[in-house]
Amino acid sequence: MIDLANIGKYRENNRIEAKLSLGGLPQSIWETYSAFANTLGGVILLGVEERRDKSLHTVDLPAPEKLVAEFWDIINNQKKVSVNILSAKDVTIEAVDGDHIIAIRIPRAQRNDKPVYIGENPMTGSYRRNGEGDYRCTKEEVSAMIRDASYKTQDMLVLEEMGLDVLDKDSIRRYRIRMRAYRPGHVWEELDDNEFLYKLGAAGRGKDGKLHPTAAGLLMFGFEYEIVKEYPHYFLDYQEQLDPNTRWTDRIVSSSGDWSGDLYDFYFRVYNRITQDIRTPFRLTDGNRIDDTPVHNALREALANCLINADYYGRQGIVIVKKPDKITFSNPGEFRIDVETAINGGVSDPRNSAIIKMFNLVDIGERAGSGIPNIYSVWKKQGWSVPEISESFDPERITLSLEVETLDEDEKAEMEEKAAIKTGDKPEINEKPAIKTGDKPKLSEKPAIKTGDKVSNRIIAAQKQAILEYLTRNVSAKSSELAELVGVKSSRIKEILSEMIQEDIVVAEGSNKNRIYKLKS
């Protein structure tokens, strides 16, 4: 953290505090101890003065051993300090340029030790570090640390004042369709919705013996206007800022009222947008283009991590911004482990473990702490700039910034032209259809369509069945609706619909953006 042999080159900052201490142990040391422990950690230097030019210089402490003994006496008194997170190696007497000083190295506190506070009241004795100074935490900040200290994650809470009618049945149906596709034959498949939600952890039994939504169930499947009753600051915001002269060129917000506003639906609406024009390596397997690449997988991880690790009681909500050369994912809440540990991987301490389970069951997200390392690895292999993770406080926020390369206008036009051919347009005379996977292939041929993640025929059949059921209940639908229904990209849904057209199950009406799909009468 600091090279004491070259102390003159340092300045006080967010992780270094100098105190002259010639008159004894300064009282303000405890505010700084609390502040460093509750923020990012830091080092307190006793016997070091800050001069007018902000440079640090040592003085010789007359009795450093006495100051160290006094420090240990106070830090181990729980009436003075809530918890001692230091070991003997963290407090040392150092000789620098002939002077004796004391270095107190304070690690970032584990979440179950937070808030670290002085006195006997965490609401008035908790501090954090901001720039060069310590500030007293707000009640909101202290409450957030207390919530995170619990061994039981926030989203397991059973909301007994709510009934299951606060959940959107269409979101639940879409989730179950996707789960059937990715986990065919699962033991929960035949359960009714209420029992399914209970097994999933989206519902729990209250003291009255009845089923109520859990916090995870409300966030994943609830109507936005019901979610904000429990989470007043809940807000999901996706912005496309592709034109520098326009504040945003497209926006998806949870409060718009024209969709559920829950996490599950938001995930698919946003994922299909952020991957729409990302430049990825052109790859062929058996003569077919593979559209699902490590970049797509990494973006899925980034989006899932943002939603899974948010503190939904926190301010400002989820904000995801797509620019021509960068995508940022920002969520309320602080890291529950060191950022460096998260980047190295292998350690996972999610804020919302029940939501992770729900996403995992439909093949989204990682449990083993490999999501962030995978993002870094993929970006390195692409030759793109190293991802940036930043953590801020007051309010607590985590932001992941990913620089990307997107398709230019000519490449976009080419992709749209190819997509139009695949969606059932009648070919001109002497022109063969681009895709005929509904025809029986010859013995030497393989079906023309293969997805990048090599989904099984059972998954494809389940996706087609979901589309069939949806078009049975609804007269028509756009491809974007059906893509959201089965949880695939726009290019993939057009391939599936093209197969169903060739199989005489579905017909397409209209062209380009106005095209709709119906069951063939």
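The values are calculated or read from the model by the stated rules, or taken from the named source; none is laboratory data. Nothing here was measured: the structure is a model prediction, and the numbers come from that model. So basically every Cβ, Gly included, is an ideal-geometry build from the backbone, and we count neighbours across all protein chains shown. Ligands, DNA and RNA are excluded from the accessible area calculation, which covers all protein heavy atoms including side chains. Shrake-Rupley method; radii C 1.70, N 1.55, O 1.52, S 1.80 Å.
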State all residues of region 107-132 that are surrounded by 14 or more Cβ atoms within 10 Å (Cβ to Cβ), out of contact with any Phe, Trp or Tyr (no Cβ under 6 Å at 6 or more places or on another chain) and either part of a loop (DSSP other than H, G, I, E, B) or among the small types (Gly, Ala, Ser) (or both); if no residue qualifies, say none.
107, 108, 109, 110, 114, 115, 116, 119
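Residue-wise test of (1) closer than 24 Å to residue 252 by Cα; (2) more than 14 Å from the chain's Cα centre (by Cα); (3) modelled with pLDDT of 90 or more.
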| residue | (1), (2), (3) |
| --- | --- |
| 332 | yes, no, yes |
| 369 | no, no, no |
| 379 | no, yes, yes |
| 399 | yes, no, yes |
| 409 | yes, yes, no |
| 425 | no, yes, no |
Kindly provide the set of residues from region 18-34 that are open to solvent by 20 Å² or more (accessible area, probe 1.4 Å), touching a strand residue (DSSP E or B) at 6+ places or on another chain (Cβ under 6 Å) and either without any contact (Cβ under 8 Å) to a residue 24 or more places away in the chain or closer than 29 Å to residue 389 by Cβ (or both), ordered by number.
26, 31
Here is a check on your reading of the model: is residue 493 of a type in the set (A, V, I, L, M), open to solvent by 20 Å² or more (accessible area, probe 1.4 Å) and at pLDDT 80 or above?
no
Result of the Cβ filter at 8 Å on region 154-167, keeping first residues that are under 10 Å from residue 204 (Cα atoms) and partners that are part of a loop (DSSP other than H, G, I, E, B), at least 6 apart or interchain, is 156/201; 158/206; 160/206; 160/207; 160/208
Working carefully through the options 5, 37, find the one that is buried (at least 21 other Cβ atoms within 10 Å of the Cβ), hydrophobic (A, V, I, L, M, F, W, C) and part of a helix (DSSP H, G or I).
37
So residue 494 passes all but one of these: (1) within 14 Å of residue 466 (Cα to Cα); (2) in a helix (DSSP H, G or I). Which condition number does it fail?
(1)
Taking region 497-521, which residues are polar (S, T, N, Q), open to solvent by 80 Å² or more (accessible area, probe 1.4 Å) and assigned to a loop (DSSP other than H, G, I, E, B)?
521
Any hit, region 369-380, residues being touching a Gly at 6+ places or on another chain (Cβ under 8 Å), assigned to a loop (DSSP other than H, G, I, E, B) and under 19 Å from residue 156 (Cα atoms):
no
The residue from 217, 201 that alone is open to solvent by 20 Å² or more (accessible area, probe 1.4 Å), closer than 30 Å to residue 334 by Cβ, touching a residue at least 40 places away in the same chain (Cβ under 8 Å) and in contact with a strand residue (DSSP E or B) (Cβ under 7 Å, 6 or more places away or on another chain) is 201
Any idea which of 401, 385 is open to solvent by 50 Å² or more (accessible area, probe 1.4 Å), under 27 Å from residue 15 (Cβ atoms) and of a type in the set (Gly, Ala, Ser)?
385
